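All remarks here apply to the structure that follows.
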Ligand SMILES: [Mg+2]
């Protein structure tokens, strides 16, 4: 058993939206195919992966460093044992040879993208859904296919007024979501308060709003917003300040009593450990949003989950950023608290297999072999084009 080839293509996922920090007019991602020599049911096994929105394609890193290291390794050095499956842990170590520690930058995105494709291949070779393989190998063997998902949107874009924002949010609850999220921090506080109250006016009693500042605020602004937000019983207040400013996060927790969320821009177990050690996050009420597709993949995410457990955090406090099916599999197999979803954005990469609907804020994962990309026709079309 061996990897014959790894292909990468950089794809546009641009749109007119912006958050408090960036616009998405030139956003891209990397799509990767890991082609193996394994045949299953008359078909060659190909694993697919891509990185989440927000960090751009990583084609040059993938092509110049990480793919050559894998392809130059002895094939049997990348297997579990003689005749066994591909071993993502060994391949991860191979990819990270001659890489210094720290300074995680965006190589974590390149590695995470290849890692996703490897896990897809591993589950396909094993002939089962990835969530089952994860539950058997790293969990208690039980899967929970019913996953909480929330609708992320509420971006700023030219000409968008509160009526448009309300219509957008209403369209999410109409599609079965019980929690919706909107951006803040891209307008003055008074305007954001008007936007928040407008959205709350269209939510029912069992529906909740989360807000996301995308790391925009200094401490004083984060607290001013926190004071204004504290009367609204929000689902969470996300990424108030810079993702690496743990003093800000700690200080904000002293002022803001409601749930907070952060972590989508922490790309290694070590960075996450610093957040847990020094960021004042509260394991009873706060949420962690690390996204494996941006942060060295599932091999690293398993280390992060082990570290969290040692620090008294349940995996159920993790609701990853990114809205991809990889995180849905981790949630179903290893007990995460749910996953982000972008109902109208970043297609065809985000979302669920065809025919999966949101009901009262939850989806139920179908039994698809691998990560399940083959169940989403528009996405699989792009993947197949890369592999053939
Ligand atoms: Mg966010």
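The values are calculated or read from the model by the stated rules, or taken from the named source; none is laboratory data. The shown structure was predicted, so the numbers you read here are calculated from the model rather than taken from an experiment. Counting neighbours? That spans all protein chains shown, and the Cβs are built from the backbone with ideal geometry, glycine included.
Quick grid of which residues meet (1) in contact with a helix residue (DSSP H, G or I) (Cβ under 6 Å, 6 or more places away or on another chain); (2) more than 16 Å from the ligand (Cβ to nearest atom); (3) within 18 Å of residue 259 (Cβ to Cβ); (4) assigned by TED's automatic domain parsing to the domain that holds residue 261:
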| residue | (1), (2), (3), (4) |
| --- | --- |
| 178 | no, yes, yes, yes |
| 181 | no, no, yes, yes |
| 184 | yes, no, yes, yes |
| 190 | no, yes, no, yes |
| 199 | yes, yes, yes, yes |
| 203 | no, yes, yes, yes |
| 206 | no, yes, yes, yes |
| 209 | yes, no, yes, yes |
| 212 | no, no, yes, yes |
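Report, by residue number, each residue of the range 245-264 that is within 15 Å of the ligand (Cβ to nearest atom) and in contact with a helix residue (DSSP H, G or I) (Cβ under 9 Å, 6 or more places away or on another chain).
In the first step, residues of the range 245-264 are kept if they are within 15 Å of the ligand (Cβ to nearest atom); the result is 249, 259-264.
Scanning the range 245-264 gives 249, 260, 262, 263.
When you look at residue 297, is it within 13 Å of the chain's Cα centre (by Cα), at pLDDT below 95 and more than 16 Å from the ligand (Cβ to nearest atom), yes or no?
Values: within 13 Å of the chain's Cα centre (by Cα): yes; at pLDDT below 95: no; more than 16 Å from the ligand (Cβ to nearest atom): yes.
No; evaluated as a whole, the condition is false for this residue.
With the condition kept exactly as written, say whether any residue in the range 124-133 is on the phi > 0 side of the Ramachandran plot and under 20 Å from the mean Cα position of the chain (by Cα). So that I can check it myself, show each step before the final result.
Going residue by residue through the range 124-133, those that are on the phi > 0 side of the Ramachandran plot are 127.
Right, trim to under 20 Å from the mean Cα position of the chain (by Cα) and you get none.
No, because not a single residue in the range 124-133 is on the phi > 0 side of the Ramachandran plot and under 20 Å from the mean Cα position of the chain (by Cα).
Could you list all residues from the range 252-281 that are closer than 12 Å to residue 311 by Cβ and in a loop (DSSP other than H, G, I, E, B)? Steps first, answer last, please.
We begin by selecting, within the range 252-281, every residue closer than 12 Å to residue 311 by Cβ; these are 269, 272-279, 281.
Selection gives 279, 281.
Of all helices (runs of 4 or more DSSP H) completely enclosed by the range 63-147, which ones contain at least 3 residues that are over 20 Å from residue 30 (Cα atoms)?
Where helices (runs of 4 or more DSSP H) fall fully within the range 63-147 and carry at least 3 residues being over 20 Å from residue 30 (Cα atoms), they are 88-95, 107-126, 130-138.
How many residues are touching a strand residue (DSSP E or B) at 6+ places or on another chain (Cβ under 8 Å), within 20 Å of residue 298 (Cα to Cα) and surrounded by fewer than 23 Cβ atoms within 10 Å (Cβ to Cβ) when one looks only at the range 60-72?
2
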